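Participant: Sending over a structure as C-alpha cells; questions will come in a sec.
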Amino acid sequence: MPPIYRGLFIPDEVESILRDLPAWFGIEEAIRDYAEAARKTPAYAAAADDAIVGVCLVRRHNAHAAELTLLAVRPTHHRRGLGQALVTAAETDLAADGAEYLQVKTLGPSRESAEYAATRRFYEALGYRPLEEMHGLWPGNPCLIMVKRL
C-alpha cells in the first residue's frame, strides 16, 4: 500500500488528478475551487510512482462533525485500496480529535450515473449510510448526504 501523507498540497497536483476524472469532476469552477481548497484545507494524499495519485480533503464543521469534501484517485490507480486508505486515515485522525460523525456529499440516486452508483457503493462498503437526498443544494444535480458514526 502506498504511503498516505497528511498536510496541505499544491493546487496543481489536485487539479491534475481531478482533470483525469471527467465523469466525476466535469465542472470547471468546481475543479478550480477544489484545487484552491487543497492549499488551506486539511488533506490526505496517496503517493505511488513518485507522484501524488489520490487526495482527500476534510472540513471540520464543529467539535462533533466533519465532512469529506473531496476524494479523488487517478483512474490508473482505481481498485487498489487507495480511496479506502485515504478515508480511513481521515476517519482515524478525526475520531482521535473527538469527531463523532463524518459526512460525504455525492450525486444522488435520482440522477442516473454508473460512476456515481459505484461511488455510493464504495462509501456504503466503508460504513456510510444515506441520510437524505436534497434538491437545490447543487443546481441541476441531486445531492445525497451520507453519514458515518466514527
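The values are calculated or read from the model by the stated rules, or taken from the named source; none is laboratory data. As the structure is a prediction and not an experimental result, all values here were calculated from the model. Every residue, glycine among them, receives a Cβ derived from its backbone with ideal geometry; neighbour counts consider all protein chains shown.
Participant: Residue check: is T92 touching a residue at least 24 places away in the same chain (Cβ under 8 Å), among the polar types (S, T, N, Q) and either loosely packed, with under 13 Cβ neighbours inside 10 Å or out of contact with any Lys or Arg (no Cβ under 7 Å at 6 or more places or on another chain) (or both)?
Facilitator: Taking the combined requirement at face value, the residue does not satisfy it.
Participant: Give just the number: which of (1) in contact with a Lys or Arg (Cβ under 7 Å, 6 or more places away or on another chain); (2) crowded, with 16+ Cβ neighbours inside 10 Å does G127 not satisfy?
Facilitator: (2)
Participant: Shifting gears a bit: Suppose we filter A99, A46, A63, A23 for residues that are among the small types (G, A, S), touching a helix residue (DSSP H, G or I) at 6+ places or on another chain (Cβ under 6 Å) and assigned to a loop (DSSP other than H, G, I, E, B); which single one remains?
Facilitator: A23
Participant: Can you pull out every residue in segment 102-150 that is small (G, A, S) and part of a helix (DSSP H, G or I)?
Facilitator: Answer for segment 102-150, where residues must be small (G, A, S) and part of a helix (DSSP H, G or I): A114, A117, A118, A125.
Participant: Looking at segment 2-18 only, could you name the residues that are touching a strand residue (DSSP E or B) at 6+ places or on another chain (Cβ under 9 Å) and either free of Cβ contacts under 8 Å to residues at least 12 places away in the same chain or not hydrophobic (A, V, I, L, M, F, W, C) (or both)?
Facilitator: P2, P3, Y5, R6, G7, E13, S16
Okay, residues lined up against (1) among the charged types (D, E, K, R); (2) at pLDDT 95 or above; (3) loosely packed, with under 15 Cβ neighbours inside 10 Å; (4) in contact with a Phe, Trp or Tyr (Cβ under 6 Å, 6 or more places away or on another chain):
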site	(1), (2), (3), (4)
P42	no, no, no, no
A51	no, no, yes, no
H61	no, yes, yes, no
E67	yes, yes, no, no
H77	no, no, no, no
R80	yes, no, no, no
L86	no, yes, no, yes
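Participant: When you scan segment 33-43, how many residues do you find that are in contact with a strand residue (DSSP E or B) (Cβ under 6 Å, 6 or more places away or on another chain) and either on the phi > 0 side of the Ramachandran plot or assigned to a loop (DSSP other than H, G, I, E, B) (or both)?
Facilitator: So the answer is 2.
Participant: Kindly indicate which of T119, T69 is in contact with a Ser or Thr (Cβ under 6 Å, 6 or more places away or on another chain) and within 25 Å of L150 (Cα to Cα).
Facilitator: Among T119, T69, only T119 is in contact with a Ser or Thr (Cβ under 6 Å, 6 or more places away or on another chain) and within 25 Å of L150 (Cα to Cα).
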